[in-house]
Amino acid sequence: MSFESLGLAPALLRALADQGYANPTPIQAAAIPVVLEGVDLLAAAQTGTGKTAAFALPLLQHLSTRPPSVGRRPSALILTPTRELAAQVNDSLRDYGKHMRINTATIFGGVSMGPQIQSLRRGVDIVIATPGRLIDHMQQRTIDLSGVEVLVLDEADRMLDMGFLPALKRILTAVPRKRQTLLFSATFAPPIKALAMQFMHQPREVSVSPPNTVASTVTHRVHPVDASRKRDLLLHVLSQDSRRQTLVFSRTKHGADKLVRFLETSGMRSAAIHGNKSQNARTRALSGFKTGRVTVLVATDIAARGIDIDQLPMVINFDLPMVAEDYVHRIGRTGRAGIEGVAVSLVSHEEAGLLRDIRKLLKDEIEVSDIAGYAPSQPLRLDANAPRPAQGQRQPRQPQQRQGKPPSHRPHGHAQSNGGGGESHAAGNRKRRPRRRPAAKA
C-alpha cells in the first residue's frame, strides 16, 4: 500500500516524498481513510508508530479545501499533554503542509502569552495546545473556539494520568457540538472509553497492536545493583560508548538534576528535562540532544512525552517506573521504524516488585545479568513476595555517604529555613508533619 492509494492530495504526497516516505505505517493505513470520511475515530497506537501523520495528513487535506481562516477562529484544535509534544506535532504539520497555505500556532505554558496572542490575532487554521494554557486564553478571551470543525486529542491516556480531565471537559463546552473528533491513545482503558462516549458520536475504532506491547526490535536488559551504586553503574554503561545518544529516565525532577550534575562532573555532555525547567531550558536541552551536542538526556516520565528522536539507540531506566505500563511508554522511544534499540534497567533490591510487575505485563522474560564489579549485596527477589514501594511513594534508598542529618520533608524547589543549607538543629529535632509533594508539571 502507498500513500497515493489512500487518496491523499498531490501537495501532501509531494511533501511526503520530500521526506522520503513512500508507504504508510499500519496505523496510518488504518486511520487515514476513516478520518477522510469525516467520522469520529478512536485510534490505539503506541509511541513511534507514526500516529501524528495518521491524523495530521487527513486534517491538512480537509483544511486545504476551505478558505483561509480569518480573525481568531481556528478550524482545528489539537490537544496534547505536554509542551514538547505540542511543538513536535506543530513541526510535523509544517513539514507535511509545506506545499499548502495553512497556518498553525502552538499554545503552551512556560512562555509569555504575548506572541501566542499575536499569532491568534493574525489568524490560524490549526491550534496545537496543552489544556492548561488553552484555558488561560479562554479566560482572557484571546481565542475563539466556535469555529472548530476537527478536534484531536493526542495521547489521551496521558492527559487523564496528568489530571487534565476537568480542563478537557471545560474545553469541550467551548467547541461546537457538531464537529469531527479524533482520539488517539496508547490503550482503550475503561476511563478512555468512558471519556470518549461523553463527547464522541458513534466513533469507529482502529487498533494496530495489542495494548502494552513494545517493538520486537528492542533488546531488554536488567542489571541488578545496590541503590547506592546506581550512579556509578550508570556511568559505566554510558562510558561503553560516550558518543551514543542515550535517554535516561529518573523518577523525580530533583533526581534528574542530581544525575546531570554527576554526569557533567564525570565528563558526560548531559542535560535534564522536567516540569521545573523553564520552557527555554527544556527547548535548549531537547534541541541539543537532537543535534548531538548533548549525548545524555535525563528526563522524567511526563516531560519525556513528545521526545521524538530518530534512531535513538538506547534508553536507560535509572529508576523503574511506579506503574508497569509506563515502562512501555519509556521503551517506545527506541527501536523505532525497524531500527534495533536497547532498553537497560538498573534495578535495586527495593525495586524487585516493580520489575516483577513489568515482566508480568510484557508476558516475557527479561534478561537479568550482573555486571562485574557492580553485583548487588543481595540478589533480586522476583517471586510473588518481592518487596514493592507503595503506590505514589518514593522508592526507599540506601544511605548515602553523607550522614547525620535527617532528610527534609520539604518539596524540592522550596527554600530551606536557613537559606539553602540543612534544617537548623532545633528544627530537625522537632516532629513535623510531612508536607504533600506538589503535583508534577507538564
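The values are calculated or read from the model by the stated rules, or taken from the named source; none is laboratory data. Quick caveat, the model's predicted, so the values are computed rather than measured. With ideal geometry, Cβ positions are generated from the backbone for all residues, glycine too; neighbour counts draw on all protein chains shown.
Brief remarks follow.
- Of the helices (runs of 4 or more DSSP H) contained entirely in region 211-303, those carrying at least 3 residues that are over 18 Å from the mean Cα position of the chain (by Cα) and more than 30 Å from I192 (Cα to Cα) fall at 230-238, 253-265.
- Check on T295, of a type in the set (S, T, N, Q), within 23 Å of R243 (Cβ to Cβ), surrounded by 15 or more Cβ atoms within 10 Å (Cβ to Cβ) and in contact (Cβ under 8 Å) with a residue 40 or more places away in the chain: yes
- Pairs meeting the criteria (first residue in region 105-132 and assigned by TED's automatic domain parsing to the domain that holds R66, second residue part of a helix (DSSP H, G or I) and among the acidic types (D, E), beta carbons under 8 Å, at least 6 apart or on different chains) are G109/D136; M113/D136.
- Flag for P24 being in contact with a helix residue (DSSP H, G or I) (Cβ under 9 Å, 6 or more places away or on another chain), assigned to a loop (DSSP other than H, G, I, E, B) and surrounded by 20 or more Cβ atoms within 10 Å (Cβ to Cβ): yes
- So V34, is it crowded, with 19+ Cβ neighbours inside 10 Å, at pLDDT 90 or above and out of contact with any Pro (no Cβ under 7 Å at 6 or more places or on another chain): yes
- Tally, over region 271-325, of residues that are at pLDDT 80 or above and either assigned by TED's automatic domain parsing to the domain that holds A86 or among the β-branched types (V, I, T) (or both): 11
- Any chance A196 is at pLDDT 85 or above, outside any loop (DSSP other than H, G, I, E, B) and within 17 Å of P321 (Cα to Cα): no
- Per-region count, region 339-358, residues outside any helix (DSSP H, G or I) and within 16 Å of F318 (Cβ to Cβ): 7
- Considering residues of region 355-381 that are of a type in the set (A, V, I, L, M) and in contact (Cβ under 8 Å) with a residue 40 or more places away in the chain only, the residue nearest to L234 (Cα to Cα): I371
- Selection from region 178-205 of residues that are over 22 Å from the mean Cα position of the chain (by Cα) and either exposed (fewer than 15 other Cβ atoms within 10 Å of the Cβ) or not polar (S, T, N, Q) (or both): K178, R179, A194, M197, Q198, F199, M200, H201, Q202, P203, R204, E205
- Taking the criterion of being of a type in the set (F, W, Y) and modelled with pLDDT under 80, the only residue of region 158-193 that qualifies is F188.
For every residue, the table says whether it meets (1) more than 20 Å from A174 (Cα to Cα); (2) touching a helix residue (DSSP H, G or I) at 6+ places or on another chain (Cβ under 6 Å); (3) surrounded by 21 or more Cβ atoms within 10 Å (Cβ to Cβ).
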residue: P81; (1), (2), (3): no, yes, yes
residue: K98; (1), (2), (3): yes, yes, no
residue: F108; (1), (2), (3): no, yes, yes
residue: P115; (1), (2), (3): yes, no, no
